1. In 10 Å bins starting at 0, how do the alpha-carbon pair distances of the chain split up by percent?
2. Using 0.36 nm times the number of residues separating GLU160 and ARG218, minus their current alpha carbon distance, what extension gain do you get?
3. Using the per-residue mean of other Cβ atoms lying within 10 Å as a proxy for protection, in what order, highest first, do the peptides 111-119, 98-106 fall?
4. If the cut-off is 18 Å between C-alpha atoms, which aspartates and glutamates fall inside it for LYS11, apart from same-chain ones fewer than 8 positions away?
5. With viscosity set to 0.890 mPa s and temperature to 25 °C, compute the Stokes-Einstein D of the range 107-204, Rh being the Kirkwood radius across alpha carbon pairs; µm²/s, no decimals.
6. If you add up the charges near GLY145, with Lys and Arg at +1 and Asp and Glu at -1, over every other residue whose beta carbon is less than 12 angstrom from its beta carbon, what do you get?
7. Looking only at Cβ-Cβ distances, which cysteines of the chain have no other cysteine closer than 4.7 Å?
8. Can you tally the net charge around ASN83? Count Lys and Arg as +1, Asp and Glu as -1, for every other residue whose Cβ sits under 9 Å from the Cβ of ASN83.
Amino acid sequence: MKNKNYIGKIKSIEKINNDVFKINISSSLENCKSGQFISVLCPNKTLRRPFSIYDFDKENKILSILIKLKGEGTKYLSSLKENDEINFLAPLGNSFELFKDKNALLVGAGIGIAPMLFLKKEMNEKNINNYLISGFKTKEEIIKGSDETIVGGSVLDNIENIIKNKKIDVIYSCGPNIVLKKLSQTAKKLNIPCYVALERVMACSIGVCRGCIIKLIRNNEINNFSVCKEGPIFKGEEVLWD
């Protein structure tokens, strides 16, 4: 599936909580998968802004992203109105691998819940057994849709018991590096495959600038990989965590 440049139109913008918005975009994009992202052009800004795909309505060709207000780029996006045009590259990156016969645990921390909710939707449509846990610092930051929500504490506090009780065979996660690192270490200890969607600052979003490089250990060798082009999803056990 090749990525291309799209000019979409804002269908609607919904305020999820104090600083998170859901943006629904109508365009000619025909398909995308969970784990992939788009890269949005913000006027008067040199770099595009990458956002995980939160949902995709294939029938109506409506793409949805979640944005958390952080800087000028997200401020601009949150100010858009219905029918405003938006320039974006899509679909970017790889997607999550699905296993029909495995019990899946999905873990999303903060805004990292976005691709997990899209993944959960895909799994439900394919009748894949799954359980989604999300973690937020305060109740005001909660983004709904999880099977279990942790507020204030760590989303990983009881993770080993959950893995054992739910008879988990495979893990998927997105969130801050510290969460992905610890979850990957736990999965490795329990001999369970773990797929992580990494978050990185990206310049080009298409693998040209090599500005989002990470190091992976494969076949006992350490090599560089770009998160935007060869990711953002990697096996947690392969990532050389900082």
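1. Final binned percentages: 8, 32, 37, 20, 3, 0.
2. Full-extension gain reported as 18.3 nm.
3. Packing proxy ranking, top to bottom: 111-119, 98-106.
4. Partners found: GLU30, ASP55, ASP57, GLU59, GLU82, ASP84, GLU85.
5. Stokes-Einstein gives a translational diffusion coefficient of 178 µm²/s.
6. Details: positive: LYS22, LYS120, LYS121, LYS144; negative: ASP55, ASP147, GLU148.
Here the count lands on +1.
7. Result for the chain is CYS32, CYS42, CYS174, CYS194, CYS212, CYS228, no neighbouring Cys Cβ within the cutoff.
8. On the way: positive: LYS9, LYS11, LYS81; negative: GLU82, ASP84, GLU85.
Taking every other residue near ASN83 into account, the sum is 0.
Since every read-out is calculated from the coordinates, none of them should be taken as a lab result. Only a predicted model underlies this, so the values are computations on that prediction, with no experimental measurement involved. So basically every Cβ, Gly included, is an ideal-geometry build from the backbone, and we count neighbours across all protein chains shown.
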